[in-house]
1. Could you say whether any residue in the stretch B:73-80 is part of a helix (DSSP H, G or I) and more than 15 Å from the chain's Cα centre (by Cα)?
2. Say we look at the stretch A:341-394 and pick out the residues that are more than 30 Å from A:LEU508 (Cβ to Cβ) and of a type in the set (D, E, K, R); which of these is nearest to the chain's Cα centre (by Cα)?
3. Name the single residue, out of those in the stretch A:578-630 being at pLDDT below 85 and more than 14 Å from chain B (Cβ to nearest Cβ), that is farthest from B:ARG25 (Cα to Cα).
4. Would you mind stating whether A:ALA87 is surrounded by fewer than 22 Cβ atoms within 10 Å (Cβ to Cβ) and assigned to a helix (DSSP H, G or I)?
5. Which of the following residues is without any contact (Cβ under 8 Å) to a residue 60 or more places away in the chain, over 19 Å from A:GLU401 (Cβ atoms) and surrounded by fewer than 24 Cβ atoms within 10 Å (Cβ to Cβ): A:GLN370, A:GLN374?
6. Taking the criterion of being small (Gly, Ala, Ser), within 13 Å of chain A (Cβ to nearest Cβ), under 30 Å from A:LEU597 (Cβ atoms) and without any contact (Cβ under 8 Å) to a residue 12 or more places away in the chain, would at least one residue in the stretch B:42-58 satisfy it?
Amino acid sequence: MSGPVLAAVLAQAAPLAACLTILIGLRERPRAAAGLATLSLVVALGATAYLVVVVAVPDVHWVAQTTWLPVADGPALAFGVFFDPLAATMSFVVAFITLAVMVYSLGYMAGDPGFARYFGFLALFAWAMLGLVLASNLLQVLVFWELVGLASFLLIGFWFEQSAPAAAARKAFLMTRVGDVGFLLGVLLLVRALGNATISDVVAAAGPAGVFSPRFTTTVALLLLMGVIGKSAQGPLFTWLPDAMEGPTPVSALLHSATMVAAGVFLVARLHGFFAAAPEVMRGLLWLALATALATATMAMVAEDIKRVLAYSTISQLGYMLMALAAGSVTAGFFHLTTHAGFKALLFMAAGIFIHHAHSNDMRVIATKQPRSQRAGVIGLVSGSLALAGVIPFSGYFSKEAVLATLGQHAGTAALALAYLGAGLTAYYTFRMVWLTIPVGAVGAVGAEGAVGKVHYEPSGGDRAMAASVLVLSALTLVLGYLGGWLAARLGHEGVEHGPFAFGAGPLVALALVAAGIALAWVEFGRRGAARAGFAERVPALRAFFGDNWYLDRLYGATLVRWGTALSRAARWHDHTVLDGASDGVASGTVWGGRILARVQAGYVQAYVAVAISLIAALGVWLVRRGGLQ
Amino acid sequence: MTVASYLFVAACLFGIGLYGLLQRRSLVAMLIALELMLAAVSINVVALTTLAGRDGALGQVVALILVGVAAAEAAIALSLFVAIHRARHTIDVEQLSELTG
C-alpha cells in the first residue's frame with residue numbers, strides 16, 4: 001500500500017481500535033479511556049491532514065480496493081478507500097471537530113458515571129463517519145451510514161436511564177431509518193444494474209455517456225435522496241433533530257456539525273455527478289430544502305430552549321447547503337458545510353458552558369444567572385452567532401454568500417428571494433438568542449412555568465478544557481471564511497468565482513437583510529427596556545404553530561404512529577395466540593409423547609449417540625452396496 | 001495435494017471428534033468434539049465441490065455458512081449448559097439421566 005492509502009486506513013483504524021479497547025477493557029478506567037480516545041483522534045487528525053496535503057492538486061484522487069469474497073458469477077464487490085480533495089477535506093473536518101468535542105467533553109462530562117463509555121461511543125462515531133467519508137463503494141457507505149446512525153442513537157440516548165433521552169434516541173433512530181429504507185433500495189438497484197456500486201462507476205454510468213437510462217437515474221436518485229433527507233433532517237423527516245437535544249451538549253455539537261447530519265449533505269456532494277444527471281430531482285430537492293430552511297427558521301424564532309434554537313438553525317443551514325448542491329455547486333455547498341461545522345460546534349459548546357453554569361437550557365433562566373461571568377461562553381456565543389447570521393468578516397458570511405451566488409446564477413429569482421428572506425430570519429433568531437441569553441440590562445427572575453430546564457448531573461470542574469475548545473473554534477470563525485478560494489481551486493469554481501470580497505448587488509442585499517434582522521432583534525430583545533418578546537411570540541396561534549414543529553409531530557402521531565401501533569398490536573396478538581399457541585401445542589405434545597417413549601430410554605446421552613451413529617453407518621453401508629442414492 | 005489427502009484429514013478429524021463425543025463425560029468437552037466433526041464436514045464439502053467440477057466458490061460459501069451455523073449452535077448449546085448447571089450443579093452427562101424410562 002502506498003503512503004496516502006495507508007494514512008486513509010490509519011485514520012479509520014485508530015478510532016476503531018480506541019473504541020474497541022475502551023468498550024471492552026477500559027470501562028472502569030475513565031481517565032485512560034478519555035486519553036486513549038483523544039489520542040486516537042490526534043492520530044486520525046494527523047493522517048487526514050496528510051491526505052489533504054496529498055490531494056492538494058485539482059482532479060487528483062486515490063483509490064485502493066480489494067474484492068470481498070470473490071464468487072465466479074456473482075457481483076464483484078470491491079471494498080476499499082477512495083479519496084479526492086472533497087473526501088480528504090471532509091475527513092479532516094470530521095477529525096478536527098471530533099477532537100475539539102473530545103477535549104471539550106473532558107470538562108463537560110467530568111464526573112459522569114458513564115465517562116469511559118461516552119468516550120468509547122465518541123470514538124465509534126468518529127470511526128463510522130471517517131469510514132463513510134473515505135469509502136470507495138456505496139455498499140460500504142451504507143454500512144458506515146448505519147453505523148453513524150447507531151452511534152447517534154447511543155449518544156443521544158446516553159442518559160438512557162431518563163425517559164426523555166431514551167425516547168429521543170428511539171425517535172432519531174426510527175425516523176432516519178424511514179429514509180434509510182430508500183437509500184438501501186437505491187443501492188440495491190445500483191448493484192443489480194452495475195454488478196457493483198463503486199462510487200466512480202456509479203457517477204460515470206449516470207453521465208451523458210453512461211449506461212443508465214434517465215428514468216433509472218431519476219428513480220435511484222429519488223431513493224438515495226430519501227436517505228439524505230432522513231439523515232440530514234430535511235423535509236418531513238426533520239423532527240427527530242430538535243428532540244436529539246436530549247443528548248449531552250457536546251454530542252449535539254458533534255452531531256450537528258461534522259457528523260451525522262453532515263453525512264447526507266456529504267453524500268450528495270460525493271455523488272454530485274450522479275445527481276446532476278437527474279435535474280428534476282435536483283429541482284425538487286432545491287425547493288424542499290428551501291421550504292425546510294424557511295420553516296425551521298420560523299420555529300427557531302419562538303423556541304425557549306437554547307439548544308432547540310440551535311437545532312432548528314442547523315436544519316435551516318443544512319437546507320442552504322443542499323440548496324447550493326441542488327443548484328449545481330459542490331464548492332458552495334461544501335464550503336458552507338465546512339464553515340457551519342466550525343461555528344455550529346462552537347455555538348453548542350458555548351451553550352454548554354452556560355447550561356453548565358445555570359443548570360438550565362432555558363435562555364430566560366440563563367439570563368438571570370449572571371451569564372456575563374462566563375467569559376469563554378460569551379466570546380464563543382457571540383462569534384458563533386456572528387458567523388451563523390452571516391456578518392462580514394465571519395466565516396458564515398463567505399459561505400452563505402457563495403450559496404446565494406449559486407442560487408442567483410442557477411435557481412431563478414423566486415428561490416433567490418426566498419433564500420434572502422431566510423438569511424434575514426437567520427440573523428433575527430440568532431440575535432434573539434444572543435440577547436435572550438446575555439441580556440444587556442438586568443432582567444427579573446422568570447416564573448416556574450417559564451423554565452424548561454433539565455437537571456444536568458452535578459458538574460465537577462474542568463472548565464479549562466471547555467474554554468480551550470471554545471476559544472480555538474472562536475478564532476476559527478474568523479479564519480475559515482478565507483478557505484473558499486482554496487476549496488474552489490480543488491472542487492471547481494462555480495458559485496465562488498467572484499471571490500469573497502466581490503461587492504456586487506448580491507452581497508449588499510444579503511448584508512442589508514442581515515442588518516435588518518439584527519436590528520429587529522435589538523429592538524425586540526436587545527435594547528434596555530425591550531419587551532423581550534418577538535413579533536411571532538405575541539401571536540398565540542403563531543407561537544403554538546411554530547413552537548410545535550408546525551404540528552408535524554402531532555400529524556405523525558395521529559396517523560403513522562397510530563397505524564404502526566395498531567399493526568404492532570395485531571402482530572403481538574398473532575405472536576401470542578397463533579405462534580405461541582402452536583409452539584406450546586408442540587411442546588405439550590412432545591412432553592406427552594416423551595412420557596410414553598421414556599419407557600424405552602436408559603438415560604445415557606452417549607449411548608444414544610453410539611446407537612444413532614451405528615445406525616447411520618449401517619444405512620450408509622447399505623446404500624453404497626445398493627449402488628448409490630438413485 | 002490431492003483431494004484424497006483433504007478427505008483423509010477430514011476423516012481423521014471426524015474420527016477424533018466421534019471418539020471424544022462418545023468418550024468424554026463433560027458436556028463442554030462433548031460440544032468441542034462435536035465442533036471437530038462439523039469442521040471435518042466443512043473440509044469435506046470444500047474438497048468435494050472441487051472434485052465435482054464445480055466452481056470452488058460454491059463449497060466455500062457453504063463452508064462459511066457452516067461456520068455461522070456452528071457459531072450459533074455453540075452459543076445455544078453453551079447457554080443450555082449454563083442453564084443445566086444452574087439447575088443441576090453438574091454438566092456430567094452420566095448424572096443427567098432424568099429421561100430414564
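The values are calculated or read from the model by the stated rules, or taken from the named source; none is laboratory data. Here the structure is a predicted model, which is why all the values come from computation and not from measurement. Positions of Cβ are generated from backbone atoms using ideal geometry, with glycine treated the same way; all protein chains shown enter the neighbour counts.
1. Yes - at least one qualifying residue is present in the stretch B:73-80.
2. Looking at residues that are more than 30 Å from A:LEU508 (Cβ to Cβ) and of a type in the set (D, E, K, R), I get A:ASP362.
3. A:GLN630
4. Against the criterion (surrounded by fewer than 22 Cβ atoms within 10 Å (Cβ to Cβ) and assigned to a helix (DSSP H, G or I)), A:ALA87 does not qualify.
5. Testing whether each residue is without any contact (Cβ under 8 Å) to a residue 60 or more places away in the chain, over 19 Å from A:GLU401 (Cβ atoms) and surrounded by fewer than 24 Cβ atoms within 10 Å (Cβ to Cβ) leaves just A:GLN370.
6. No, because not a single residue in the stretch B:42-58 is small (Gly, Ala, Ser), within 13 Å of chain A (Cβ to nearest Cβ), under 30 Å from A:LEU597 (Cβ atoms) and without any contact (Cβ under 8 Å) to a residue 12 or more places away in the chain.
For every residue, the table says whether it meets (1) at pLDDT 90 or above; (2) buried (at least 24 other Cβ atoms within 10 Å of the Cβ).
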site: A:VAL187; (1), (2): yes, no
site: A:VAL211; (1), (2): no, no
site: A:LEU224; (1), (2): yes, yes
site: A:ALA233; (1), (2): no, yes
site: A:VAL281; (1), (2): yes, no
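Matching residues to (1) at pLDDT below 85; (2) under 20 Å from A:ALA510 (Cβ atoms):
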site: A:PHE398; (1), (2): no, yes
site: A:TYR429; (1), (2): no, yes
site: A:HIS456; (1), (2): yes, no
site: A:MET466; (1), (2): no, no
site: A:LEU471; (1), (2): no, no
